[in-house]
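Since the structure comes first, as structure tokens, the remarks are kept for the end.
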């Protein structure tokens, strides 16, 4: 009986350390994702168009990742990295307006684009949560631009960390409307 109690006490001491180290791994990804996304938006959005941040990957981004699963492994990504992206906490800091998903026009809502374009005549960007690989040196991000209900583009980009910052290494799943 004493052996079981000792094992339980040891487990009780180690468990918080294990759980804390898992979250600290996420904190590192949180920091990298937040820094990357803020600089990405600053670079791509010089006109300060409204931005929507998708906390979970949109359906096109998910399809793109599924189609390129073999390629993603070449770049050092795993399915777990994609799952981890759903848990990343982002703190966006941008001068551009941050929109909520319920503020964007929807094809099923008549006249929603007309009302939206009056407020934001140049459209908006939607960016995904960056997917970061386990070694923290590669990022996948999806960006879409919508100018109206039948106008826009989107792409998924893969970045590699270099001594000079993040470098674009590949664009996959480009769409144009």
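Looking at the range 23-176, the DSSP beta bridges with both ends there are about 80 percent antiparallel.
With a Förster radius of 25 Å applied to the C-beta separation of residue 46 and residue 91, the computed FRET efficiency comes to 0.70. Peptides 146-155, 121-130 ordered by packing proxy, namely the average of other Cβ atoms within 10 Å per residue, highest first: 121-130, 146-155.
Since every read-out is calculated from the coordinates, none of them should be taken as a lab result. A quick note: this is a predicted structure, and the numbers were derived from the prediction, not measured. Backbone-built Cβ (ideal geometry, glycine too); neighbour counts: all protein chains shown.
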